[in-house]
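Here, each number is a calculation from the coordinates, and none is a lab measurement. Worth saying up front: this structure is predicted, and the values here are computed from it rather than measured. All Cβ positions, glycine included, derive from the backbone under ideal geometry; neighbour counts span all protein chains shown.
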């Protein structure tokens, strides 16, 4: 049975595909989530997250860009950018504690990103979280 962690990983995959130029990925979200065995409540959760990120993408990107230190947003890896977008959305517009969101993002990055990615993701998201408060 899929967990919220699995649902978030699926959302990062969808955002990654979108970032790589698959602008019509939204047409295939149901099949992709089914393939990853994201069903029922977790499917609703994943779809709400994905749709929320896409709706608030400019605001999420702005928050990320404001907290990148000596990094160019366009030079970020697609996985890191997708993970940051999801977590920024949850920090800025969600109800969960920022520490939980940051931890989830770091764990997702450990699974998908490079060795340096978790520390980088943690730093950017921590700055966004502090700025929100």
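Axis of helix 98-112 versus longest Cα principal axis of the chain: the two differ by about 70°, to the nearest ten degrees. Averaged over residues, the count of other Cβ atoms within 10 Å places the peptides 104-111, 9-16, 56-63 in the sequence 9-16, 104-111, 56-63, highest first. If a spin label sat at a point 7 angstrom from the Cα of residue 100 along the line to its beta carbon, the backbone N atoms of the stretch 41-71 nearer than 20 Å would be those of 41-53.
In the stretch 4-132 the Cα-Cα distances spread across 10 Å bins starting at 0 as 13, 49, 33, 5, 0 percent of all pairs.
Helical runs assigned H by DSSP (4 residues or longer) give the chain a calculated mean residue ellipticity at 222 nm of -23000 deg cm²/dmol, each run adding -39500 (n - 2.57) before division by the residue total.
Note the angle between two axes, namely the Cα long axis of helix 117-132 and the longest principal axis of the Cα atoms of the chain, as a number of degrees from 0 to 90, rounded to the nearest 10. Result, in degrees: 80. At 0.36 nm per residue, and after removing the present C-alpha to C-alpha distance, how many nm does the segment from residue 30 to residue 93 gain when stretched out fully? Net length gain for the segment: 20.3 nm.
Simple spin-label estimate for residue 57 and residue 73 gives 1.2 nm between the two label positions (7 Å along the Cα-to-Cβ direction from each Cα). Once you reduce the stretch 91-131 and the stretch 23-77 to the center of their Cα atoms, the two points are 14 Å from each other.
Radius of gyration over Kirkwood radius for the stretch 59-106, both on Cα atoms: the Rg/Rh ratio is 0.96. Axis of helix 78-93 versus longest Cα principal axis of the chain: the two differ by about 90°, to the nearest ten degrees.
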